[in-house]
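The values are calculated or read from the model by the stated rules, or taken from the named source; none is laboratory data. Source: prediction; values computed, not measured. When we count neighbours, we look across all protein chains shown, and the Cβ atoms used for this are built from the backbone with ideal geometry, even at glycine.
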Amino acid sequence: MTSLKQPVKRPKKKRSSSQNKVKTKEEYIRNNRAEKKLVAEKKLKKVADPAAKKKRPRKNNRPKTANSVRKKQQLKKKKIQQQRCKRQQLKLLLKQLVLTVGISLVLFSTIIYFTIRTPKMEGYAMTTTLTNNDRVLVSKVSELKRFKMVYFKHPQTKEKTIRRIIGMPGEELYYKNDQLYINNKLIPERFLEKAVAEAKQSGFLLTQDFSLKQTTNAERIPEDKFFVMGDNRQFSSDSRDYGLIDKKDIIGIVELRVFPIHAAAHF
C-alpha cells in the first residue's frame, strides 16, 4: 500500500511589534478620514435643505379609543356653550344699558320740562336788571312773591315775556313821587334806588304817579291776579297798559341769568 503524504503544517510567522504599530496607525487614519467624510456630507445636506433642520413633531401613533373621542367632543360642546352664554350675557348687558340710558333721558327731559325753562329776554323793558338777548333760568316750582321777576304769557298777544311782580292778590296800590304804597304803606324798591336817584337829580320822576283804580278800574287786585311792571319804568309796557295777569298764565320765576357768562347772576 502506498502511503499518503500528509500536508506539513508550516509554522506561522510572528509579526514584530513594529509591524503591528504601523498597521494600527493606518487603520486609525482610515477611520478618521471616513468619519470626517460623513460629517462633511451631513453638513452639506443641512445647507442644501434648511427645512431638514426643523424637527418634525412626532406623531402619536397610538390608536384613538372611543373614550378619548367622546371626551374631545364633550370639551368642544362645553366651549361652544360657554361662548354662547357669554354672547347672551353681552346682549343682555347692552339691552340693559340702552334701556337705562333711554329711561334716564326721558325722566331727565320730563323733569326739566315741568320744572325748568331757559328763555331769552327780548326787548329793554327790564333794563338795567336784564337786557336784550339775556338768557335766564326760570323755575316752575318757586313761590310767587313780591318783586320776583316772572316769565308769563302776555294777556292779549299771548307772547312770552318777563316782568316784575309789584302787586299781589287782595292788595291795593298806588305810586306817588317815585314811591310805592301797598295798602297805604310805603314799600321801598331797593332794586330801583340808583335809577330813582339819577332821575331825581335830572328833575323828573322815574315812575309817573298812578293808582290801581286808574289803570284797572278795581279797588283791589282780585284773587289769582297779579300787577306786574318793568324796571325800565319810562319805556316799559306792563300792567299799566294791558292790565292784570292771571296766575295760570305765569310759567315760572326767573332765578338766574346764565348768559352772557361774564354777567351771570342770581336774583
**Message:** Can you tell me which of (1) crowded, with 16+ Cβ neighbours inside 10 Å; (2) touching a Ser or Thr at 6+ places or on another chain (Cβ under 9 Å) is the one His154 doesn't meet?
**Reply:** (1)
**Request:** May I ask you to verify whether Phe204 is aromatic (Phe, Trp, Tyr), in the same structural domain as Lys145 (by TED's automatic domain parsing) and either in contact with a Pro (Cβ under 9 Å, 6 or more places away or on another chain) or part of a helix (DSSP H, G or I) (or both)?
**Result:** no
**Request:** May I ask you to verify whether Thr207 is buried (at least 17 other Cβ atoms within 10 Å of the Cβ), among the β-branched types (Val, Ile, Thr) and under 22 Å from Ile250 (Cα atoms)?
**Result:** no
**Request:** Using the structure shown, decide if Ile253 is farther than 23 Å from Ala195 by Cα, out of contact with any Asp or Glu (no Cβ under 6 Å at 6 or more places or on another chain) and of a type in the set (A, V, I, L, M, F, W, C).
**Result:** yes
**Message:** For a quick check of your reading of the model, give me the residue pairs whose first member lies in region 211-235 and is without any contact (Cβ under 8 Å) to a residue 60 or more places away in the chain, whose second is hydroxyl-bearing (Ser, Thr, Tyr), with beta-carbon atoms closer than 6 Å and at least 6 apart or on different chains.
**Reply:** Ser211/Tyr174; Arg233/Thr207
**Message:** Consider region 239-255. How many of its residues are crowded, with 16+ Cβ neighbours inside 10 Å and of a type in the set (Lys, Arg)?
**Reply:** 1
**Message:** Give me the residue from region 232-257 that is part of a loop (DSSP other than H, G, I, E, B) and small (Gly, Ala, Ser) and, out of that set, nearest to Tyr124 (Cα to Cα).
**Reply:** Ser236
**Request:** Return the pairs, sorted by first residue and then second, in which the second residue is of a type in the set (Gly, Ala, Ser) and in a loop (DSSP other than H, G, I, E, B), the first residue lies in region 161-190 and is under 20 Å from Leu130 (Cα atoms), the beta carbons are less than 8 Å apart, and the residues are 6+ apart or on different chains.
**Result:** Thr161/Gly123; Thr161/Ala125; Ile162/Ala125; Arg163/Ala125; Arg163/Gly230; Arg163/Ser236; Arg164/Gly230
**Request:** Could you look through region 162-192, keep only residues that are closer than 30 Å to Arg117 by Cβ and of a type in the set (D, E, K, R), and pick out the one that is farthest from the chain's Cα centre (by Cα)?
**Result:** Glu171
**Message:** Kindly evaluate Phe114 against the criterion of being of a type in the set (Phe, Trp, Tyr) and farther than 22 Å from Ile221 by Cα.
**Reply:** yes
